[in-house]
Amino acid sequence: MAAPYRLRSLISYFLKLGTIGFGGPVALVGYMHRDLVEDRKWITEDDYREGLALSQLAPGPLAAQLAIYIGFVHYRLLGATLVGLAFVLPSFIMVLALGYAYVRYQGISWMQAVFYGVGASVIGIITVSAWKLTKKSIGKDPYLWFIYLVAAITTIITEAENIWLFIGAGIFYWLVRSAGNLKRKARHSSQFILPVLLQVNAGIGHDAGRLNDIFLFFAKAGAFVFGSGLAIVPFLYGGVVKEYGWLNEQEFMDAVAVAMITPGPVVITVGFIGFLAAGFSGASVAAFATFFPCYLFTVIPAPYFKKYGKRPGIKIFVDGITAAAIGAIAGAVVVLGKRSIHDLTTVLICAAVIVALFMNRKIKEPFIILIAAAIGLLIKS
């Protein structure tokens, strides 16, 4: 089937999304659905769901993996590669510039003031994105709602995402939909799968040795950490601050703030961390080591996902995973909200953003972010 768009148009879209797409993975996957599935109709609902399911099953940054998969849908390896680069490069350049300013001026004192307003507005944006994804994908199926709620509650409690939850959700939904006697099978399969669903995760000088350590550490982060923006932060803290001592506590918190106030994938904070640890070389090595594994985990299984993903049994399995993925996204909104909504002003900013987005669908998110940043600077200054 011929693509209803040119590859350069898709690359242009992801360059723009990487440049002005605020809100982290929760918002970014919502933007992709709204723009590419609903508005432009470049990607089908089934292809989007398959990409979201694969992105949740594989370790690494969710939004980047979904972008890579979308690039693969019609333009295979070339599309996946160019789209992935287009999506990541703008935010990487931004964190390099912020890293240089941070080192040059001994910290970024205005960052917390900006984040005060931006953080609250981002929660409003991702709340609306999560609601639209839920309404579109879950429908009225009680089993999908069950999976959705279990995933959301588990994410809120653990503040992390668990691959076994997604696999268990797919198996559970396959069992209840494939059974001859639906109610009897649902009862038995619930007894079998619930334990799986509820499982809890438990100066810039540098040398070749440090770059080697940076490569190995961030490759491990990209290859073995599930949940991207949520789960990778505590993992990075343990290595960057506690194990290697590349950054102190304040520098690490500033790195996380940089990730939240810049567009594109939240995981791009690895570029900022790498820059503080070992300059431009450290930033480049950290970003490559983090994103390359997720690229491989997407393009290698993608042909098989596309070939077999539309078979009835596999489609049911993917629908179950998708429900769990969207539930985890909804749970992530609560987790992130607890960190950004902490007084009356932030509550009002968040509520105003939600109301504005529901009342006027044409409002652009970067405009909202700029207003919120200005409010934060005004209040905190």
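What follows is calculated from the coordinates using simple rules that are stated; it is not laboratory data. No experiment lies behind these values; they were computed from the predicted model shown. Note that we place each Cβ from the backbone using ideal geometry, even for glycine, and neighbour counts take in every protein chain shown.
Using the crude model of +1 on Lys and Arg Cβ and -1 on Asp and Glu Cβ, and no other charge, please compute the dipole size for segment 20-178 relative to its Cα centre, in debye to 20.
On the way: 11 positive and 10 negative charges, 35 e Å.
So the dipole magnitude of segment 20-178 works out to roughly 160 debye.
Report the extension gain between ALA3 and LEU78 in nm, rounded to one decimal, defined as 0.36 nm multiplied by the number of residues separating them, less their alpha carbon distance. Show your work: numbers first, answer last.
Numbers: separation 75, 0.36 × 75 = 27.00 nm, distance 1.40 nm.
Difference between extended and current length: 25.6 nm.
Sort 66-75, 294-303, 86-95 for me by packing, meaning the mean count of neighbouring Cβ atoms within 10 Å per residue, highest on top.
66-75, 86-95, 294-303
In terms of modelled amide H atoms, which long-range or inter-chain residues lie less than 5 Å from the amide H of HIS342?
Amide H neighbours of HIS342: VAL347.
Once the mean 1/r over all distinct Cα pairs of segment 14-142 is inverted, what Kirkwood radius in angstroms do you read off? Numbers along the way, then the final one.
Numbers: mean 1/r = 0.0621 Å⁻¹.
Result for segment 14-142 stands at 16.1 Å.
Expected output is a single nm value to one decimal: the length gained when fully extending between ARG361 and LEU348, i.e. 0.36 nm times separation in residues minus the C-alpha distance. What is it? Kindly include the intermediate steps, with their values, before the conclusion.
Details: separation 13, 0.36 × 13 = 4.68 nm, distance 1.97 nm.
Going from the current span to full extension adds 2.7 nm.
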